[in-house]
Every structure is written in structure tokens, then in C-alpha cells.
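Just so you know, all these numbers are worked out from the coordinates, no wet-lab data involved. Since this is a predicted model, take the numbers as computed values, not measurements. Because the Cβ atoms are built from the backbone with ideal geometry, glycine has one as well, and the counts that use them run over all protein chains shown.
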Amino acid sequence: MSDSLQERLSSCWSRSDEIFDLLEDGAIYEQPIGLRHPLIFYLGHLPAFAWNQVCRGLLDMPSFRPGFDSVFERGIDPMGVDHFDSPVEWPPVEDIIEYRDRVRSALIDSIEPVADRAESNLLADRGRIFEVAIEHELMHQETLQYLFQQLPLKLKRRPADMPSYRFDGAARAGRIEIGGGTVVLGADFDSVPFGWDNEFPAHQTMVEDFSIDRTPVRNAEFLEFLMDGGYERPALWREDDWQWRQRVGLEHPVFWSMIDGNWTYLTMFDAVPLEKAGDWPVFVSHAEATAFCRWRGGRLPTEPEFHRAAYTTSDGGTRRFPWGEEAPRAGHGNFDFRHWAPTPVGCFSDGDSAWGVADLVGNGWEWTDSVFEPFPGFSAYIRTYPGYSADFFDGLHKVMLGAAWATPTQLIRPSFRNWFQRHYPYQFAKFRCVY
Ligand SMILES: [Fe+2]
């Protein structure tokens, strides 16, 4: 984080603008996933959130557009429609953009006044409140991508610098024995520049010996499960997963489509024969991943097991990243929008962990079977945004770790935890089995 705060804010905003520019005219009014807001909400939500945290929340500045501050205040968790409260008519796009630009310049003007409060305010100290705004926006850059993923291809335009798809170079499959031992989950508040409430405090836990798939499950492997009646055999599914599968009529991963009798993989911008994308990781819900693991005779890893495979060494050491201490770069994995699509599993061998496990960080988040829960000693320190984690400690959400192709680099750290409910198939989430 050597760039100035102003530069980091500007580059975050440029990325957001670039992402909204992928939409063809009129697509901003679409609502590609029924349980999320229409896309136009997010155009206002990013500045409203930053305003509400930094300018209104910390600096107590008077609002210049109170209606927007509240209409765009909160997103929704895709658990149901009960708190979905959408206005009948959204404000004109030009008004939202004007609001956004005014908020952006107010944020730049807030850098000094926030710094002046560093001694007396935990969130002003080390510019934490700006990190709240930046990381919130970075996370939405990814979630916007999985919303866009569900739009018809004709409503999107590809970025000018998008590289061609990569189909070759996958690592071979296999199982790796991981010796048991301790892992440290989470971080101590003062040891990291920034973290969310659920990352604190650090604590140690023990893991038994286990073996784990060297690479995440590929589309080609998942097709075998499907051809073997994977979506038709209730015995492979947990009971409530099976009921959900039946209720929504899910018969294949949502990223796949049967077109003219051929299985097709839908990237953000193209329809690719599934056969070509056979070595890309399959993206599925926790429920589908669990059924696959049962079919294969394994199970999903726990959060501590993922950490053991990713961040420890066989001689008792720990690493900051699977590959070592070096800051994440292109050769370590598929993240930060470099490919705008998945890549063959394990093709970035520089990113392998000390145990030789491939593709743990990047390409897609990895499902664990651990319920999203607070670590011992948790406190919701981000008092201006108290619902960040606590609302989701409901036993229904599972932890996902690592990173996806659409995850910005700043979010790559061992303590970062993502979570989703088990019956949600849209996010870029891959998985592997342990035995
Ligand atoms: Fe949000």
C-alpha cells in the first residue's frame, strides 16, 4: 500500500467506472438476479456507502442529498425477499452520477480532516475508515461481475484489453497428504493495515492429518458426476439441499447451458464449448459441491484444513501466501481481472503452496464446510457498519476462502473471509475434496 490514499481511491473508482462501462445502453436497469437489486442500485450504493461511512459517519458532515444517502444505503443478502425494499422508480442515471462525483470529491477533501482525528478515533487512525470504503467498493466490483454474468451476452461489451481465453496448461490431478498440526486463523488487530471485524482476533487451532485434491474440481470432472446421474440421485444430496434443488429445478451448474444439444460454458462475454473449458474449475453452489464430494467419496475441507494446506509448511512454518512472502503478482494465480474468465486449474504453478497444492488463491473462491462464525473474542469494532458480519452469523452461511478471477489484489490476505449461503449458485466459487 505504498501509493497515496488519493491515488488508491482514484484507481478504485476507475476500476468501478470501467466495470459499469461493460454494460450496453439500458442494461443498467436490468435485475439479472431476482433476489438482488437492479444494477442501477449499485451505481448509487458505492458512493452512498462511502459518504455514509466517511463524511456523514466519521466527520458528521451535513448531507447534500439525504434521499440518495438512504435509498442507496444497504445492499441485500440473497437469503430471501423479505427485506427487499426497492423504490418503484429509481432516480435518473445522470443524477446518480452527479451524486457519485460530488461524493468522490468530498472524500478527497476528507483525507486531511480524517487524519486530524487519528489520535481520538479508531477508525480515523491509519485511515481505516477509508479502507472500509475502498474494500467495500472492491468487493462490489466482484459481486457486480457475478450479477453481470447472468445478463444476456448482448447486453455486455468486452474490455478493450481482455486477453484471449486460456485453455491449456492445467496441472495434473492427484491427492496430496497434508500432515496435521496447528494453524492460525484470523489476525491481530494491530498486525495488519486493515481487516474486517470477522478477521479478528487471531487464534490457533489443531488440524488432523488429511489428504486433499491437488487441483480444484474441473468442469470435465463435474460433467462425469452429472452424466452419472448426480443431479437425479437424492442419496448424494443432503436432504435440504435436495429439496432446494428440486424446488428451483437446478439440473446443472448455472454457468453451463445446453445449446443445440451441446454443453456450453458461459463466460462473461462468450459462449464456449464446455469441452474446451473442461480444465477450468467448475463454479457451483455449496449444495452441489457437497453432493459431488459425496459421489467421489470425500468431503469439503474445513476452514482450518484449507489454512493448513495453503499457509503452512511441513516443517512447522507458516507463510503469508501459499507461494511464500512475495506480494501477489500475475504468475501466482488468476485474480485482479487479468483474464476476465477462469483459467485451467493450477496453470500458475508459481502459486502452489509449500505442500504442492495448486490454485488455492485465485481463479475462484473455495468452498469450505465451515459455518461462518465469529472467532473467539470477536467484537464488531466497525461500529459505523455493525451489520458487516454479525447479521450473517446465522448458521446458514459457509466460509469461502482464497480469491476469484474477479477479486482485486488488495483483498488477498490469509485472514480475509468470504461467505455465502449454501443454496446460491451464482458466485465464482470452486471447490476441491478432502479425504
Ligand atoms: Fe454494499
Quiz item: What percent does the relative contact order of the chain come to when contacts are Cα pairs within less than 8 Å and at least six residues apart?
Solution: 18
Exercise. List Asp213, Asp21 from most exposed to least, where exposure is judged by having the fewest other Cβ atoms within 10 Å.
Key: Asp21, Asp213
Quiz prompt | Kirkwood Rh, angstrom, segment 154-196 [1 / mean 1/r, Cα pairs] | solution = 17.0
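Restricting to Cα pairs below 8 Å that are 6+ residues apart, what does the relative contact order work out to for segment 166-243? Please round to a whole percent. Walk me through the intermediate numbers first.
Numbers: 70 pairs, mean separation 25.6, N = 78.
Relative contact order, segment 166-243: 33 percent.
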Quiz item: Once the Cα gyration tensor of segment 273-360 is found, what semi-axes does its equivalent ellipsoid get, as square roots of 5 times the eigenvalues, in whole Å, sorted largest first?
Solution: 24, 20, 10
Quiz item: Where the centroid of each part is defined by its Cα atoms, how far is segment 126-158 from segment 31-62 in Å?
Solution: 12
Quiz item: Can you give the Rg to Rh ratio for segment 199-272, taking only C-alpha atoms and Rh from Kirkwood?
Solution: 1.11
Quiz item: Which of the aspartates and glutamates could be linked to Lys398 by a straight reach, that is with a Cα gap under 16 Å, when you skip same-chain ones fewer than 8 residues away?
Solution: Asp77, Glu199, Asp240, Asp241, Glu288, Glu303, Glu305, Glu366, Asp369, Glu373
Exercise. Taking a cut-off of 24 Å between Cα atoms, list the lysines near Lys154, but don't count ones fewer than 8 places away on the same chain.
Key: Lys276
Exercise. Please give the direction-averaged projected area of the C-alpha convex hull for the chain, in square nanometres with one decimal.
Key: 20.6
Quiz prompt | Of all DSSP beta bridges in the chain, antiparallel share, percent nearest 5 | solution = 95
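Out of every Cα pair in segment 82-220, what percent are spaced more than 18 Å from each other? Could you put the intermediate results ahead of the total?
Working: 7615 of 9591 pairs.
For segment 82-220, the fraction of Cα-Cα distances above 18 Å is 79 percent.
Quick check: convex hull of the Cα atoms in segment 306-435, volume per residue, rounded to a whole Å³?
Numbers: hull volume 17.9 nm³, N = 130.
So the per-residue Cα hull volume is 138 Å³.
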Quiz item: Order of Lys154, Lys430 from fewest to most other C-beta atoms within 10 Å?
Solution: Lys154, Lys430
